[in-house]
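In what follows, a structure is listed as structure tokens, so that the remarks can point back to it.
The values are calculated or read from the model by the stated rules, or taken from the named source; none is laboratory data. The structure displayed is predicted, hence computed values, not measured ones. Here the Cβ positions follow ideal geometry from the backbone for every residue, glycine too, while neighbour counts run over all protein chains shown.
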Amino acid sequence: MLCTTIKKGQECPFMTKKGCSYNGGTCFTLVEQCTGCTRVMELESGWYCTACPEPAIKWKNGNCNLATHVARETKEGVKINPLKASKRGGH
């Protein structure tokens, strides 16, 4: 349904016929770590995330999994089981 509270006109999975069903009934503004992300949108009442209603929760235990501005760390030197690799065709 389309949001009728903060992000008016935007699709929102939390909107119901009775209003916003998210915790507190509204989306929360961005946190400092969100600066630079492409999922940010500016509205009259502030800056909000287009993917998450409460960005602070996503940053609570480390990096946000939806952040587009954070480089993902790749694990180098990980041992690969040769038997499983041969079954996959060497990929």
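Scanning the stretch 15-67 for residues that are surrounded by 11 or more Cβ atoms within 10 Å (Cβ to Cβ), part of a loop (DSSP other than H, G, I, E, B) and charged (D, E, K, R) yields Arg39, Glu54. When restricted to residues that are out of contact with any helix residue (DSSP H, G or I) (no Cβ under 6 Å at 6 or more places or on another chain) and either touching a residue at least 40 places away in the same chain (Cβ under 8 Å) or of a type in the set (Val, Ile, Thr) (or both), the stretch 15-39 contains 5.
In the stretch 74-91, the qualifying residues are those that are of a type in the set (S, T, N, Q) and either within 30 Å of Gly36 (Cα to Cα) or not in a helix (DSSP H, G or I) (or both), and the one that is modelled with the highest pLDDT is Asn81. Whether a residue is more than 26 Å from Leu2 (Cα to Cα), without any contact (Cβ under 8 Å) to a residue 60 or more places away in the chain, part of a loop (DSSP other than H, G, I, E, B) and among the aliphatic types (A, V, I, L, M) was assessed, and Ala71 passes this test. Picking from residues in the stretch 38-91 that are touching a Leu at 6+ places or on another chain (Cβ under 8 Å) and of a type in the set (A, V, I, L, M, F, W, C), the one that is nearest to Glu11 (Cα to Cα) is Ala51.
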